[in-house]
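The values are calculated or read from the model by the stated rules, or taken from the named source; none is laboratory data. Bear in mind the structure is a predicted one, so any value in this text is a computation, not a measurement. In this analysis, Cβ positions are derived from the backbone assuming ideal geometry, glycine residues included, and neighbour counts consider all displayed protein chains. Only protein heavy atoms, including side chains, enter the accessible area calculation; ligands, DNA and RNA are left aside. Shrake-Rupley method; radii C 1.70, N 1.55, O 1.52, S 1.80 Å.
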Amino acid sequence: QVQLVESGGGLVQAGGSLRLSCVAFGFIFRLNAMAWYRQAPGKQRELVAGITRGGSTNYGDSVKGRFTISRDNAKNTVYLQMNSLKPEDTAVYYCARGIKDPGYWGQGTQVTVSS
């Protein structure tokens, strides 16, 4: 069955960096667009970044220039490199299959940025 397993979250100071990873199982990874979403307490889940199967990327306005999404089809893995982190980036980050209407989600990984 489809599984998305995230890792790499944690606690970091403002201005720091983290890299999230998501390993995919149960489907042909290279044929699918992938995305990272996040949800902060009391807020709706929002798109952070997406990457098509061809490698084209798009980003939410709040993370442009700071975050980079990438994929390694040989490892069935999608990454989110997060630099210059801010306290407002604190959220649970979810890996998703698909960009606009994801059909599958990972369990989420907590990212906490302290000021």
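Quick notes
- Residue with peak Gaussian network fluctuation, the chain [Cα springs, cutoff 10 Å], from Q13, Q44, Q81: Q44
- Hypothetical label at Q13: residues of region 69-92 whose amide nitrogen lies under 17 Å (7 Å Cα-Cβ projection): 83-88
- Across the chain, the longest run free of exposed loop sites, meaning trypsin sites (Lys or Arg not before Pro) lying outside DSSP classes H, G, I, E and B with no more than 10 other Cβ atoms within 10 Å, spans 1-42.
- Largest mean-square fluctuation among G15, G26, G55, in a Gaussian network model of the chain whose springs join Cα atoms under 10 Å apart, belongs to G26.
- The chain - percent of accessible surface contributed by carbon and sulfur, probe 1.4 Å: 46 percent
- Pairs of alpha carbons in the chain whose separation is greater than 23 Å (percent): 20 percent
- Accessible surface area normalised per residue over the chain is 53 Å², counting heavy atoms of protein chains with a 1.4 Å rolling probe.
- Across region 34-115, the mean sequence separation of Cα contacts (distance under 8 Å, 6 or more residues apart), normalised by length, yields a relative contact order of 29 percent.
- Additional length obtainable on full extension of the chain from Q110 to E46, 0.36 nm per residue less Cα span: 21.6 nm
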